[in-house]
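Visitor: Got a structure here, written out as structure tokens. Questions coming.
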């Protein structure tokens, strides 16, 4: 491992269609240095990492390896040059052994047959170098997440990685497993590997990185040695922009009557002891990092996951074991996974629109006329723009799909709606429309929970915000306390006020 | 933007072809049949073809729902043989007590319906509640029923009492206005099936479950109940088909219903239902059944091609149908 390489992004821009997600990014990964890339969800971190590792090409600007411009046509080419990306969700074949995974696609042959002895010895050597005790013959599905991470790194090393890019490597690790990873990162650094990682855990960034780049909305907003930043300064750089005009102004006062009371909701493995009250006509925001259990808690509440807890709707105790029961009780959940769980992409708008409320349209047989009328109304009410009425939903744009999804849920006439990620992957104009729909619903007396990864969105929409962290409610902010700074601090476990952190 | 504009028109064109394809094939077969043999269009031959296709047809209507909901049932042929055997055994056993006559026929019918419902329920239970692959479950039950009927018949044939045969014969051979009962029942099952698929919530739910069961679940559809019901309905229809079948020969043997499952599945696929689920067409299945039995009939009536090539020709048709189906998928 005497060779070392430096990877540089120079004035890199990237657009997806009309949307530019990266603006003139400059950063350099130096041999023997750990570089942390931080930013909110959607700031452009993933895109930047994909460009570095050959999964995407920049629209403008250059990727340089040791000062020489390179063009990776694919991730394989990048790997051949020693640049390897480790995905957040592991890229391992569960049923194969550690050794088989490490040499997958690069098997060593001797004559017609595989040279198993050599590959096992080599695997042992790589794992020893990482101080990892796992057996080369163990099946990957039987080993821990930390070991899987090590196998990924060993795989990268077997490809002679000189630049290692890790997407949130500690997201799936426990603290102790993360410690092991950090030790190995130190070791690789000492060997001259250039390392980049992303993380939402600022304490971790402070501890193991040498240099930091902060992205916000696709721009580099801060860059420097880690010693120049404290955690507050990092959080400050990540958030903060003016989008006040995006959100409608609250027009109707919230009633004091509770619509939904949740006490001690437990969703095994994801969330515990969730308690809150939602008032009639209120918009309650739920914020927190991805993986903090927000979605799972809401799915548990609406019977989509096994959960226990005390739930009251309009003061009456209810049992919600299935989405059908929740719907009958006037509670509906609108999924964050529009394409995978929200809509049938191979079906038309009519079938999708009425799927959830089909009994309302059925009297022995489905009333096609009533369905058509409902579609006409939904297209008008929610401004769904479609080339023809019988277009397949998969061919609609994301924004129009989301509008259709909202229309579909509202057909069931719920009193309480939980909207998970109302505007993920949607352009700003449609976002604004959706915010207006949400406000109109609350003005019409519906009680709404908005779950979102975007801090500004919950702040702009909600009357109150609950912040989740590691499966529990870390705190609540309302009124003037609803600032990104406070929410980020709660979500990252820093305590809402600066003084508390010190 | 261009993608959204061009896609629907192209999809519409291929849907038209997909709708017309099976009908055109059927029309061509009828013309070919009529040209090759003058007897082809005679009332006797048409009645014969339709009556014989009724068994597979009734089962295939049920199979359409199972496949539309993303499932599969390989056990229907063995199930039919087993139910036929059971029905004969029950009627023979009750004969001394009840004597030959319609009451005993109704007992036999009830046996077939109850056995079909239970068999469908068992398949559905193992697939939904126990979450075992439909292919594995029904491959297992296929072997079980086949073996049970062989055991019941002790390797030979289970025969209905001779006196009973003449009582039960009219169910297959008689009818109203010259249309035999199997054809009437097949038509009724097909019409009801078509209505349920297109116009009832159950058909819509089955298509939703087969298209994406997660979306269905998040849309408050009881996914397991829908899946279970498709297997139960199929079981019931196998019972109905058996009620039509037993009067024809008055016997059941280990070779009864062999390959019916494949013929039923083939008819469903030829009719334009997607094998991976999400879209089903009952009228298409009916056409698929007719295409398969017409090929058989034409080969039997003409001298040019050996009837032993029946399977080969059917195979080609099935593969052609799947190629057409794949075109649509690739586009979307």
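No lab work stands behind these numbers, since they all come straight from the coordinates. All values derive from a computational prediction rather than experimental measurement. All Cβ positions, even for glycine, are placed from backbone atoms using ideal geometry, and neighbour counts span all protein chains on display.
Visitor: How much FRET efficiency would the formula 1/(1 + (r/R0)^6) give for residue A:433 and residue A:217, where r is the Cβ-Cβ distance and R0 is 22 Å, rounded to 0.05?
Guide: Numbers: r = 21 Å, r/R0 = 0.94.
According to the calculation, E is roughly 0.60.
Visitor: Same structure again: Using 0.36 nm times the number of residues separating residue A:121 and residue A:383, minus their current alpha carbon distance, what extension gain do you get?
Guide: On the way: separation 262, 0.36 × 262 = 94.32 nm, distance 6.30 nm.
Contour length minus the Cα-Cα distance gives 88.0 nm.
Visitor: How big is the antiparallel share of DSSP beta bridges in chain A, given as a percent to the nearest 5? Working shown, then result.
Guide: Values: 47 of 81 bridges.
In chain A, approximately 60 percent of DSSP beta bridges are antiparallel ones.
Visitor: Right, something else. Cα atoms only, the range B:116-197: Rg and Dmax in Å?
Guide: Considering the range B:116-197 through its Cα atoms, Rg and Dmax are 18.0, 48 Å.
Visitor: Scattering from the C-alpha atoms of the range A:31-90 alone, worked out with Debye: what is log10 I(q)/I(0) at q = 0.24 1/Å?
Guide: -1.18
Visitor: Still on this structure: Need one number: % antiparallel among DSSP beta bridges in the range A:7-238, to the nearest 5. Write down the numbers at each step before the final one.
Guide: Numbers: 24 of 40 bridges.
Antiparallel bridges: around 60 percent, rounded to the nearest 5.
Visitor: Checking the a/c ratio against 1.5 first, then a/b against b/c, what shape does the Cα gyration tensor give for the range A:7-238?
Guide: prolate
Visitor: Grab the DSSP H runs of the protein assembly as shown that are 4 residues or longer, score each as -39,500 (n - 2.57), total them, divide by all residues and round the 222 nm result to the nearest 500 deg cm²/dmol. Walk me through the numbers before you get to the answer.
Guide: Details: 31 runs with 417 residues, N = 834.
Value at 222 nm, helices only, nearest 500: -16000 deg cm²/dmol.
Visitor: Could you check the spin-label model distance between residue A:144 and residue B:42? Points 7 Å from the Cα along Cα→Cβ, value in nm.
Guide: 8.3 nm
Visitor: Could I ask something else about it? So what does log10 I(q)/I(0) come out to for the range A:343-411 at q = 0.12, 0.18, 0.22 Å⁻¹, using the Debye formula with one equal point on every Cα and no solvent?
Guide: The Debye formula, applied to the Cα set alone, gives -0.26, -0.59, -0.88.
Visitor: Right, something else. Between the range A:375-424 and the range A:96-137, what's the alpha-carbon centroid distance in Å?
Guide: 51 Å
Visitor: Determine one quarter of the surface area of the Cα convex hull of the range A:404-470, which equals its mean projected area, and express it in nm² to one decimal. Before the final figure, lay out each step's value.
Guide: Values: hull surface 19.8 nm².
Averaging across all directions leaves 5.0 nm² for the Cα convex hull.
Visitor: Give me a single rounded figure for A:353-366: the average over its residues of other chain Cβ atoms within 10 Å of their Cβ.
Guide: Values: counts 0, 3, 11, 7, 2, 9, 2, 0, 2, 5, 0, 4, 7, 6.
Per residue, the number of nearby Cβ atoms from other chains is 4 on average.
Visitor: Roughly what percent of Cα-Cα pairs across the protein assembly as shown reach past 47 Å?
Guide: Numbers: 135336 of 347361 pairs.
Within the protein assembly as shown, distances greater than 47 Å cover 39 percent of Cα pairs.
Visitor: Right, another one. In a Debye calculation with equal point scatterers on the alpha-carbon sites of the range A:100-236 and no solvent, what is log10 I(q)/I(0) at q = 0.10, 0.14, 0.17, 0.21 Å⁻¹?
Guide: Evaluating at q = 0.10, 0.14, 0.17, 0.21 Å⁻¹ gives log10 I(q)/I(0) of -0.41, -0.72, -0.96, -1.29.
Visitor: For a quick size check, give me the Cα extents of the range B:251-332 along its three principal axes, largest first, whole Å.
Guide: Largest first, the range B:251-332 extends 44, 33, 19 Å along its Cα principal axes.
Visitor: Another question, then. So, R0 is 60 Å and r is the distance between the beta-carbons of residue B:147 and residue A:369; what FRET efficiency does that work out to, to 0.05?
Guide: On the way: r = 52 Å, r/R0 = 0.87.
FRET efficiency, residue B:147 to residue A:369: 0.70.
Visitor: For Cα pairs less than 8 Å apart in space and 6+ apart in sequence, what is the mean separation divided by the residue count of chain A, i.e. the relative contact order in percent? The partial results should precede the final answer.
Guide: Details: 987 pairs, mean separation 73.6, N = 502.
With pairs under 8 Å counted, the relative contact order is 15 percent.
Visitor: If I take all pairs of Cα atoms in the range B:38-118, what percentage of them are more than 18 Å from each other? Spell out each step's value before the answer.
Guide: On the way: 1908 of 3240 pairs.
Summing the P(r) tail past 18 Å for the range B:38-118 gives 59 percent.
Visitor: Suppose a student asked you for the relative contact order of the range A:7-238, using Cα pairs under 8 Å spaced at least 6 residues apart; what percent would you report? Could the numbers behind the result be given before it?
Guide: Details: 436 pairs, mean separation 68.2, N = 232.
Relative contact order here is 29 percent.
Visitor: Can you give the extra length, in nm with one decimal, that the chain gains between residue A:68 and residue A:321 once fully stretched, where that is 0.36 nm per residue apart less the Cα-Cα distance?
Guide: Numbers: separation 253, 0.36 × 253 = 91.08 nm, distance 6.00 nm.
Going from the current span to full extension adds 85.1 nm.
Visitor: Plugging the Kirkwood radius over Cα pairs into Stokes-Einstein for the range B:216-289, at a temperature of 25 °C and a viscosity of 0.890 mPa s, what D comes out in µm²/s?
Guide: Rounded to a whole number, D works out at 170 µm²/s.
Visitor: Separate question: With each pseudo-label sitting 7 Å past Cα toward Cβ, what's the residue B:27-residue A:376 distance in nm, one decimal?
Guide: 3.4 nm
Visitor: So how far apart, in nm, are the two label points at residue B:102 and residue A:415 if each is 7 Å from Cα heading toward Cβ?
Guide: The two pseudo-label positions are separated by 5.6 nm.
Visitor: Further question on the same structure: How far is helix B:310-331 tilted off the main Cα axis of chain B, in degrees rounded to 10, range 0 to 90?
Guide: Long axis of B:310-331 versus the principal axis of chain B: about 30 degrees.
Visitor: Taking Cα centroids, how far is the range A:262-305 from the range A:182-204 in Å?
Guide: 34 Å
Visitor: Further, regarding this structure: Based on alpha-carbon atoms only, what is the radius of gyration of the range A:86-164 relative to the globular estimate 2.2 N^0.38 Å? Kindly include the intermediate steps, with their values, before the conclusion.
Guide: Working: Rg = 11.8 Å, N = 79, 2.2 N^0.38 = 11.6 Å.
For the range A:86-164, the normalised Cα radius of gyration comes out at 1.02.
Visitor: As a test of the definition: which semi-axes, in Å, follow for the range A:7-61 when you take the square root of five times each eigenvalue of its alpha carbon gyration tensor? Largest first, please.
Guide: Values: eigenvalues 74, 33, 18 Å².
Its equivalent ellipsoid spans semi-axes of 19, 13, 9 Å.
Visitor: When all alpha-carbon pairs of chain B are counted, what percent fall beyond 37 Å?
Guide: Details: 10438 of 54946 pairs.
The calculated P(r) of chain B puts 19 percent of pairs beyond 37 Å.
Visitor: How large is Rg over Rh for the range B:151-305, taking Rg from the Cα atoms and Rh as the Kirkwood inverse mean of 1/r across Cα pairs? List each step's numbers first, then the result.
Guide: Details: Rg = 18.7 Å, Rh = 18.0 Å.
Result for the range B:151-305 is an Rg/Rh of 1.04.
Visitor: While we're here: Please compute, for the alpha-carbon atoms of the range A:303-417, the extent along each of the three principal axes and give them in descending order in Å.
Guide: That works out to 46, 31, 22 Å along the principal axes.
Visitor: Which Rg and Dmax, in Å, describe the Cα atoms of the range B:66-223?
Guide: Rg and Dmax of the range B:66-223, Cα atoms, are 19.0, 57 Å.
Visitor: Suppose R0 equals 30 Å. What FRET efficiency, 1/(1 + (r/R0)^6) with r the Cβ-Cβ distance, do residue B:133 and residue A:308 give to the nearest 0.05?
Guide: Values: r = 31 Å, r/R0 = 1.04.
That gives a FRET efficiency of 0.45.
Visitor: May I ask for the distance between the Cα centers of the range B:66-142 and the range A:313-330, given as a whole number of Å?
Guide: When both Cα centres are located, 38 Å separates them.
Visitor: Stokes-Einstein D for the range A:177-297 at 10 °C, 1.306 mPa s, Kirkwood Rh over Cα pairs, in µm²/s? Walk me through the numbers on the way to the answer.
Guide: Values: Rh = 18.6 Å.
Calculated translational D: 85 µm²/s.
Visitor: Radius of gyration and Dmax for the range A:358-502's Cα atoms, expressed in Å?
Guide: Cα only, the range A:358-502: 18.8, 67 Å (Rg, Dmax).
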